1. Please list 3J(HN,Hα) in residue order for the stretch 34-39, calculated via the Karplus relation 6.51 cos²θ - 1.76 cosθ + 1.60 where θ = phi - 60°; whole Hz, with x for glycine and proline.
2. How high is the relative contact order of the stretch 74-159? Use alpha-carbon pairs under 8 Å, at least six apart in sequence, and give a whole percent.
3. Evaluate the relative contact order of the stretch 34-114 (contact order divided by residue number), counting alpha-carbon pairs under 8 angstrom at least 6 apart; express in whole percent.
4. Give the calculated FRET efficiency between ALA27 and ALA117 to the nearest 0.05, with a Förster radius of 25 Å applied to their Cβ-Cβ distance.
5. List the lysines whose Cα lies under 29 Å from the Cα of LYS80, skipping any in the same chain that are fewer than 8 positions away.
6. DSSP loop (so not H, G, I, E, B), at most 13 other Cβ within 10 Å: list which trypsin sites (Lys or Arg not before Pro) in the stretch 115-159 pass both filters.
7. Which of the trypsin sites (Lys or Arg not before Pro) found in the stretch 18-98 are loop residues per DSSP with 10 or fewer other Cβ atoms within 10 Å of their Cβ?
8. Please compute the Kirkwood hydrodynamic radius of the stretch 75-159 from all pairs of different C-alpha atoms, in Å with one decimal.
Amino acid sequence: MAGLAPFVVLCVFILGATQQTLNTQDASFCHGGLEVIYPELDIDKCLIIPKDRNLREKVSTVWKAPQIYFSRAQQGKALKNGRIQGTTLTDYLPPTPPHNTGLHRYQFMLFEQPADAQVSLTKQEKSSRGKWDFQAFVKRFDLGEPVAAVQFLTQNYKD
């Protein structure tokens with residue numbers, strides 16, 4: 001893996017369901033040992049954020065961007081220690097699912113970026129929060145499959 005740099009992507013997908021447990025597809029999404037750490041919530045596997053302890057409200061309105069850890073990183077000690085370095089393509093925005101729309105998926109994926117790739121967003125991608133073709137983005141920069149991925153499902157904290 002020499003010459004490759006880590007590249008973390010956060011994606012949001014609307015689930016629109018009221019399930020209380022993860023289905024097989026959601027549970028199998030998480031792999032590779034990626035950790036997303038909020039002040040009172042350690043996400044190291046796929047999960048549904050519970051309503052107790054006001055975690056849904058805190059993740060949406062109180063907490064800032066989480067720390068991202070990848071203990072299996074072969075380069076860059078910063079990622080092993082939760083300090084991502086590199087160019088920020090878009091700033092972190094907290095999960096804010098609309099009222100009465102059910103659960104939404106929030107996914108973190110870690111890709112290995114080819115060293116010679118200059119990853120950037122198009123004008124349309126910059127102007128929308130995830131309302132663009134993610135698969136085309138992955139293909140455009142030859143990112144392949146994620147090295148690691150984790151997701152959580154949450155809904156509006158008032159629901």
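Each reported figure results from applying straightforward, stated rules to the coordinates on display, with no laboratory input. The shown structure was predicted, so the numbers you read here are calculated from the model rather than taken from an experiment. All Cβ positions, even for glycine, are placed from backbone atoms using ideal geometry, and neighbour counts span all protein chains on display.
1. Rounded to whole hertz, the list is 6, 10, 10, 10, 9, x.
2. Over the stretch 74-159, the number comes to 45 percent.
3. 25 percent
4. It comes to 0.20.
5. LYS45, LYS58, LYS64, LYS126, LYS139
6. Taking the stretch 115-159 and a limit of 13 other Cβ atoms within 10 Å, the loop trypsin sites (Lys or Arg not before Pro) found are ARG129, LYS131, LYS158.
7. Here the trypsin sites (Lys or Arg not before Pro) that fit, given the DSSP loop and packing criteria, are LYS64.
8. One decimal place: 15.2 Å for the Kirkwood radius.
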